[in-house]
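**Student:** Questions regarding the structure given below will be posed in turn.
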Ligand code: ATP
Ligand code: MG
């Protein structure tokens with residue numbers, strides 16, 4: 001069984017990415033063959049700054065490796081090191097109806113947020129389909145926001161197979177219902193490109209500022225608070241066990257504490273959770289050559305599979 005996951009180097013990786021994807025991805029290394037890549041081409045839909053992109057590709061690699069990505073056991077590479085994906089993207093484009101792309105939620109969400117509505121952003125799901133189909137992926141672990149893209153991949157592959165025979169493997173998405181969408185500090189989906197993220201690593205001051213910026217209602221210290229729709233509580237659920245949550249709910253119900261107190265509790269939990277990975281991360285940050293070699297090794301493994309698959313696909317469509 002092949003499992004495929006990608007993350008865009010479009011900003012600093014956040015706790016939504018971690019719980020929505022990275023954690024399960026790392027765990028899945030024992031369940032099947034993991035293919036994980038840094039989606040550098042995808043990131044160009046929102047990133048137009050060379051240094052920023054290079055830095056984020058490197059940091060994404062460092063964070064993944066620190067959090068448990070095993071480059072021997074799995075295949076871990078940067079998307080643009082395996083260019084076959086762009087060829088497949090074009091071939092698949094000719095099996096993708098305009099209507100399908102027009103229905104994509106992610107495109108609508110991003111353009112509403114002011115990200116430029118260019119063709120790259122519009123056709124992003126086709127590139128994602130190419131990522132998935134090039135490696136005969138069976139399972140794609142994703143956050144809720146990406147389920148539709150995996151469905152689109154199935155539609156595109158079905159259309160392609162209908163024309164050329166049984167060539168592409170239909171993937172399935174896998175969502176952990178417990179953490180389907182991690183909210184950002186403003187309550188909307190936490191996203192690198194929405195400026196509402198909470199980091200896992202980095203300066204303690206930055207993380208503190210992000211946590212302190214979580215939006216709440218305006219209840220006073222001497223009022224009881226409601227945990228049900230509180231962003232602090234929703235985020236705390238990711239880090240606390242039921243007994244800790246029960247005592248947190250008790251604190252919400254008892255007047256005398258403000259949201260600042262609940263935020264500090266959450267902040268401690270976040271720092272505690274990621275502390276064990278910090279040392280490895282530090283080491284990798286200081287040894288870029290090591291990271292580069294790991295990625296080159298991953299790219300060579302991925303390239304072999306991609307090249308073989310493209311041979312079959314080219315042959316099928318008449319490009320030989
Ligand atoms: P961007 O704003 O550039 O789209 P992003 O934060 O949405 O960035 P992606 O690179 O698009 O991150 O997604 C990487 C993975 O993280 C995907 O599997 C996605 O489903 C998951 N993910 C992203 N945001 C969240 C979230 N808030 N909660 C849970 N999972 C998430
Ligand atoms: Mg996204």
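The values are calculated or read from the model by the stated rules, or taken from the named source; none is laboratory data. Just so you know, these numbers come straight off a predicted model, no measurement behind them. In this analysis, Cβ positions are derived from the backbone assuming ideal geometry, glycine residues included, and neighbour counts consider all displayed protein chains.
**Student:** If I filter the stretch 23-41 down to residues being touching a helix residue (DSSP H, G or I) at 6+ places or on another chain (Cβ under 6 Å) and not in a strand (DSSP E or B), which single residue comes out as nearest to ligand 1 (Cβ to nearest atom)?
**Tutor:** Filtering the stretch 23-41 for residues that are touching a helix residue (DSSP H, G or I) at 6+ places or on another chain (Cβ under 6 Å) and not in a strand (DSSP E or B), the one nearest to ligand 1 (Cβ to nearest atom) comes out as 39.
**Student:** Sticking with this structure for a sec: Do we have residue 11 as assigned to a helix (DSSP H, G or I), within 15 Å of ligand 2 (Cβ to nearest atom) and closer than 19 Å to residue 198 by Cα here?
**Tutor:** Working: assigned to a helix (DSSP H, G or I): no; within 15 Å of ligand 2 (Cβ to nearest atom): yes; closer than 19 Å to residue 198 by Cα: yes.
When the stated conditions are applied, residue 11 does not pass them.
**Student:** Among the residues of the stretch 198-207, count how many are touching a residue at least 60 places away in the same chain (Cβ under 8 Å) and either within 9 Å of ligand 1 (Cβ to nearest atom) or part of a loop (DSSP other than H, G, I, E, B) (or both). Steps first, please.
**Tutor:** Let us first name the residues in the stretch 198-207 that are touching a residue at least 60 places away in the same chain (Cβ under 8 Å), namely 198-202, 204, 207.
Pick out the ones that are also either within 9 Å of ligand 1 (Cβ to nearest atom) or part of a loop (DSSP other than H, G, I, E, B) (or both) and you get 198, 200-202.
Within the stretch 198-207, residues that are touching a residue at least 60 places away in the same chain (Cβ under 8 Å) and either within 9 Å of ligand 1 (Cβ to nearest atom) or part of a loop (DSSP other than H, G, I, E, B) (or both) number 4.
**Student:** While we're on this one: Could you check, for the stretch 140-158, whether at least one of its residues is surrounded by fewer than 16 Cβ atoms within 10 Å (Cβ to Cβ), free of Cβ contacts under 8 Å to residues at least 24 places away in the same chain and in a loop (DSSP other than H, G, I, E, B)?
**Tutor:** No, the stretch 140-158 contains no residue that is surrounded by fewer than 16 Cβ atoms within 10 Å (Cβ to Cβ), free of Cβ contacts under 8 Å to residues at least 24 places away in the same chain and in a loop (DSSP other than H, G, I, E, B).
**Student:** While we're on this one: Look at residue 197 and say whether it is crowded, with 16+ Cβ neighbours inside 10 Å, out of contact with any strand residue (DSSP E or B) (no Cβ under 6 Å at 6 or more places or on another chain) and farther than 20 Å from residue 132 by Cβ. Working first, answer last.
**Tutor:** Details: crowded, with 16+ Cβ neighbours inside 10 Å: yes; out of contact with any strand residue (DSSP E or B) (no Cβ under 6 Å at 6 or more places or on another chain): no; farther than 20 Å from residue 132 by Cβ: yes.
Taking the combined requirement at face value, the residue does not satisfy it.
**Student:** Right, something else. With respect to residue 20, determine if the residue is within 10 Å of ligand 1 (Cβ to nearest atom), under 18 Å from residue 172 (Cα atoms) and in a helix (DSSP H, G or I). So that I can check it myself, show each step before the final result.
**Tutor:** On the way: within 10 Å of ligand 1 (Cβ to nearest atom): yes; under 18 Å from residue 172 (Cα atoms): yes; in a helix (DSSP H, G or I): yes.
Considered against the rule, which asks whether it is within 10 Å of ligand 1 (Cβ to nearest atom), under 18 Å from residue 172 (Cα atoms) and in a helix (DSSP H, G or I), residue 20 comes out as yes.
**Student:** Residues 311, 244: which one is farther than 21 Å from residue 36 by Cα, outside the structural domain of residue 224 (by TED's automatic domain parsing) and without any contact (Cβ under 8 Å) to a residue 24 or more places away in the chain?
**Tutor:** Working: 244 fails: outside the structural domain of residue 224 (by TED's automatic domain parsing).
The unique qualifying residue is 311.
**Student:** Can you tell me which residues in the stretch 265-296 are more than 30 Å from residue 214 (Cα to Cα), without any contact (Cβ under 8 Å) to a residue 12 or more places away in the chain and part of a helix (DSSP H, G or I)? It would help to see each step written out before you state the result.
**Tutor:** Quick first cut of the stretch 265-296, residues more than 30 Å from residue 214 (Cα to Cα) only: 283-284, 286-296.
Now narrow it down to the ones that are without any contact (Cβ under 8 Å) to a residue 12 or more places away in the chain: 283, 286-287, 289-290, 292-293.
283, 289, 290, 292, 293, listed by residue number.
**Student:** Only one of 229, 222 is at pLDDT below 95, over 28 Å from the mean Cα position of the chain (by Cα) and farther than 30 Å from residue 131 by Cα; which?
**Tutor:** Working: 229 fails: over 28 Å from the mean Cα position of the chain (by Cα).
Among 229, 222, only 222 is at pLDDT below 95, over 28 Å from the mean Cα position of the chain (by Cα) and farther than 30 Å from residue 131 by Cα.
**Student:** If I ask for residues that are in a helix (DSSP H, G or I) and either within 7 Å of ligand 1 (Cβ to nearest atom) or touching a residue at least 40 places away in the same chain (Cβ under 8 Å) (or both), which ones from the stretch 161-197 would you list?
**Tutor:** If the condition is that a residue be in a helix (DSSP H, G or I) and either within 7 Å of ligand 1 (Cβ to nearest atom) or touching a residue at least 40 places away in the same chain (Cβ under 8 Å) (or both), then 163, 164, 179, 192, 193, 194 are the ones that fit.
**Student:** With outside any loop (DSSP other than H, G, I, E, B), touching a helix residue (DSSP H, G or I) at 6+ places or on another chain (Cβ under 7 Å) and surrounded by fewer than 13 Cβ atoms within 10 Å (Cβ to Cβ) as the only criterion, which of 316, 307, 299 stands out?
**Tutor:** On the way: 316 fails: surrounded by fewer than 13 Cβ atoms within 10 Å (Cβ to Cβ); 299 fails: surrounded by fewer than 13 Cβ atoms within 10 Å (Cβ to Cβ).
Exactly one of 316, 307, 299 is outside any loop (DSSP other than H, G, I, E, B), touching a helix residue (DSSP H, G or I) at 6+ places or on another chain (Cβ under 7 Å) and surrounded by fewer than 13 Cβ atoms within 10 Å (Cβ to Cβ), namely 307.
**Student:** Sort through 19, 58, 37 and tell me the only one that's in contact with a strand residue (DSSP E or B) (Cβ under 7 Å, 6 or more places away or on another chain) and either more than 19 Å from residue 295 (Cα to Cα) or touching a residue at least 12 places away in the same chain (Cβ under 8 Å) (or both). Steps first, answer last, please.
**Tutor:** Working: 19 fails: in contact with a strand residue (DSSP E or B) (Cβ under 7 Å, 6 or more places away or on another chain); 58 fails: in contact with a strand residue (DSSP E or B) (Cβ under 7 Å, 6 or more places away or on another chain).
Being in contact with a strand residue (DSSP E or B) (Cβ under 7 Å, 6 or more places away or on another chain) and either more than 19 Å from residue 295 (Cα to Cα) or touching a residue at least 12 places away in the same chain (Cβ under 8 Å) (or both) holds for just one of 19, 58, 37, which is 37.
**Student:** Can I ask one more? With respect to residue 87, is the statement that it is outside any loop (DSSP other than H, G, I, E, B), out of contact with any strand residue (DSSP E or B) (no Cβ under 9 Å at 6 or more places or on another chain), away from ligand 2 (no atom under 16 Å from the Cβ) and closer than 22 Å to residue 120 by Cα true?
**Tutor:** Numbers: outside any loop (DSSP other than H, G, I, E, B): yes; out of contact with any strand residue (DSSP E or B) (no Cβ under 9 Å at 6 or more places or on another chain): yes; away from ligand 2 (no atom under 16 Å from the Cβ): yes; closer than 22 Å to residue 120 by Cα: yes.
Yes; evaluated as a whole, the condition is true for this residue.
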